[in-house]
Amino acid sequence: VPVPLTPAEIEQGNASNALAQMYFQQLFELRRRSPGDDLTTQLVQAEEDGSKLSNEELTANIILLFGAGHETTVNLIGNGLLALHRNPDQLALLKAHPELISNAIEEFLRYDSSVQLSGRVALEDIEDLGGKRIPKGESVLCLLGSANRDPAVYPDRPDQLDITRPNVRPLSFGGGIHFCLGAQLARIEAEVAISSLLRRLPVTIICDMLGIPEEHREVFYSSSRDGGRILDPVPLTPAEIAQGNASNAMAQMYFQQLFELRRKNPGDDLTTQLVQAEEDGSKLSNEELTANIILLFGAGHETTVNLIGNGLLALHRNPDQLALLKAHPELISNAIEEFLRYDSSVQLSGRVALEDIEDLGGKKIPKGESVLCLLGSANHDPAVYPDRPDSLDITRPNVRPLSFGGGIHHCLGAQLARIEAEVAIATLLRRLPELKLDDSVNPEWRPTFVLRGLKRLPASW
């Protein structure tokens, strides 16, 4: 900051720096003994003219990377969200057109930069810079926030937020040899956070697993999630049947094109493996491939989106449990099991009796008869959970939710869903500790029964 610090601020800065140096020097020793797949290990092992970097050089680089790697990104996300809510027309536009998020991030960087000023040293004499002569070696303070609103560069309302603005080139990350090393990472983090972590994370992961190319994914991010309605054990309306058929036809068309792509260009993904799979020497047909891939895609993200949303809602409806998880983040794994039990994203599953069952709750079930299993009810069974089964308790012992089914029908992606939910919820609580739901009492649920999930979960921080 280009203003004098108070003695207290200098003392605090020195103390913080000393603590950081102490910690990172211990980290360097750890990575020298136990190398990992991380940047610290790479820096520890880096050599210049045959000599390893000194601890002082390592410390300076790591402290810079750590500070630059999160503070400015947090500010970018916060400034962007504030800008949207101060400009309701732009907020409504982004909600209606989530594909604008990348351009919106560039506009946030321009409109309210998280870095407003940067210092440089003139490498040569500059005869005229805004009417001033700058001698070689002189320090110059560059007002990035002002430059980002230069009417010569942005003649159309430079002081206004416009997420559709063309050719946005913010100077917020600097330029030339001083261009920010983590610029693209900051953009990605802000994009993920603002465009809705809950929706995009599971879709991104299943797309990665299936080898769906990056350029094809936007349609999956923005597509409707009403497909779960076809699983409900109630008749569909003619309009719902028509919509379901149209969506299925589109999915078949896309995935058959993906199969051909992976036959010509195999990748390290599940689609390639299925395309190459053989049964009795014969490759799977396109129909068999399509059925499996559509099932994997739908099951691989929809229920996980619901698990994350239902879990966050449950926490905010139970502030004591939210506070407990914030204070003890190591409880996150058990908390995910409790979310699965407390408000399962799959409420019902169908089975067929493989043999006669003489007595099931006072009923005889003949072999071959269909049975609807209410997983949500079973997860609250007082015979299994005698201690307040209808209450959320993230410390509950021996949680064994039936949300993923069981036996030969146990969900193939159960562990993946757990990991995604754990990462998403833990990251939100860590990065946005002041997150508050706009309405935890009457949220808007999706109009489905088998798949239980929220249509939206507005929040602020």
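All conditions but one from (1) exposed (fewer than 10 other Cβ atoms within 10 Å of the Cβ); (2) within 27 Å of Thr73 (Cβ to Cβ) apply to Ala459; the one that does not is (1). Filtering the stretch 297-333 to residues that are hydroxyl-bearing (Ser, Thr, Tyr) and surrounded by 18 or more Cβ atoms within 10 Å (Cβ to Cβ) leaves Thr303, Thr304.
Being surrounded by fewer than 19 Cβ atoms within 10 Å (Cβ to Cβ) and not charged (D, E, K, R) is the filter here, so list the residues in the stretch 96-114 that pass it. Correct list: Ala96, His97, Pro98, Leu100, Ser102, Asn103.
Checking Leu274, Leu315 one by one, the residue that is under 30 Å from Leu437 (Cα atoms) and either free of Cβ contacts under 8 Å to residues at least 40 places away in the same chain or in a helix (DSSP H, G or I) (or both) is Leu315 and no other.
The single residue among Val423, Val384 that is surrounded by fewer than 16 Cβ atoms within 10 Å (Cβ to Cβ), within 22 Å of the chain's Cα centre (by Cα) and touching a residue at least 12 places away in the same chain (Cβ under 8 Å) turns out to be Val423.
Looking across the stretch 334-362, not a single residue is loosely packed, with under 14 Cβ neighbours inside 10 Å and in a helix (DSSP H, G or I).
Within the stretch 83-118, the set of residues being of a type in the set (Asp, Glu) and more than 17 Å from Gly145 (Cβ to Cβ) comprises Asp89, Glu99. Close contacts from the stretch 242-262, counting a first residue that is more than 18 Å from Cys207 (Cβ to Cβ) and touching a residue at least 12 places away in the same chain (Cβ under 8 Å) and a second that is hydrophobic (A, V, I, L, M, F, W, C) and assigned to a helix (DSSP H, G or I), with Cβ to Cβ under 6 Å and a gap of 6+ residues or different chains, come to Gly244/Ile230. Among all positions in the stretch 439-451, there is at least one residue which is within 18 Å of Leu312 (Cβ to Cβ), in contact (Cβ under 8 Å) with a residue 12 or more places away in the chain and touching a His at 6+ places or on another chain (Cβ under 8 Å). Got at least one residue in the stretch 79-95 being buried (at least 17 other Cβ atoms within 10 Å of the Cβ) and either more than 29 Å from Pro170 (Cβ to Cβ) or modelled with pLDDT under 80 (or both)? For the stretch 79-95, residues buried (at least 17 other Cβ atoms within 10 Å of the Cβ) and either more than 29 Å from Pro170 (Cβ to Cβ) or modelled with pLDDT under 80 (or both): absent.
The values are calculated or read from the model by the stated rules, or taken from the named source; none is laboratory data. This structure is a prediction, so every number in the text was calculated from the model and none was measured. Here Cβ is always computed from backbone atoms with ideal geometry, including for glycine, and neighbour counts include all displayed protein chains.
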